Amino acid sequence: MSEHHAQVEELLADYRRSREQLASVQRELSAVTASASDPERLVTATVGPRGTLTGLVISDEAYRRYRPAELAEQIVRATAAATVRALAAAGDIMAPALPAGTDPQALLLGTADLGGSEVSRPRHALDEDSYEDQNWITR
């Protein structure tokens, strides 16, 4: 076997190992779920690997305890907390497959190649002014 042929075979073997590792990481990522609840455990949100809401459990007591706007806030907060957990789990899965020094969280959030001044914090709906008790029809 020529030296060139041996190098090609080694490169192909490395490529196959990398693809197998990538497929394994992808399978693990697709199985990530995380849940979080409000402090009273009346609302529980479950998300998938990208923070997409996949389940929501609202107890009957939540409807008595929270006003509609408060219930919505608890749902959003629980979903956000579950998303943070899911992204952390996904980052832990991805870390071994990434080059040294790569931040898995930044990669998952799409900010891996951006500097601090280039990354803006998205404004959260709960940060905005309250529109409760406003009549949108008579404006």
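Quick rundown of the values:
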{"read-out": "Test for residue 79: is it of a type in the set (Val, Ile, Thr) and either surrounded by 15 or more Cβ atoms within 10 Å (Cβ to Cβ) or in contact with a strand residue (DSSP E or B) (Cβ under 6 Å, 6 or more places away or on another chain) (or both)", "value": "yes"}
{"read-out": "Close pairs (9 angstrom Cβ cut-off, 6 or more residues apart or separate chains): over 23 Å from residue 94 (Cα atoms) in the range 1-20, of a type outside the set (S, T, N, Q) and part of a loop (DSSP other than H, G, I, E, B) anywhere", "value": "9/1"}
{"read-out": "Members of the range 44-60 found to be farther than 22 Å from residue 32 by Cα and loosely packed, with under 12 Cβ neighbours inside 10 Å, listed by number", "value": "60"}
{"read-out": "Selected residue [touching a Leu at 6+ places or on another chain (Cβ under 6 Å), over 22 Å from residue 107 (Cβ atoms) and not in a helix (DSSP H, G or I)] from 36, 45, 62", "value": "45"}
{"read-out": "Subset of the range 1-33 (residues that are among the β-branched types (Val, Ile, Thr) and within 19 Å of residue 109 (Cβ to Cβ))", "value": "25, 32, 33"}
{"read-out": "Check on residue 62, at pLDDT 95 or above and among the aliphatic types (A, V, I, L, M)", "value": "yes"}
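One line per residue, one yes/no per condition, for (1) of a type in the set (D, E, K, R); (2) at pLDDT below 85; (3) closer than 30 Å to residue 17 by Cβ; (4) in contact with a Ser or Thr (Cβ under 9 Å, 6 or more places away or on another chain):
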position	(1), (2), (3), (4)
77	yes, no, no, no
86	no, no, yes, yes
104	no, no, yes, no
109	no, yes, yes, no
113	yes, yes, yes, no
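The values are calculated or read from the model by the stated rules, or taken from the named source; none is laboratory data. Predicted model only: the values in this text are computed from it and were never measured. Neighbour counts run over all protein chains shown; Cβ positions are idealised from the backbone, glycine included.
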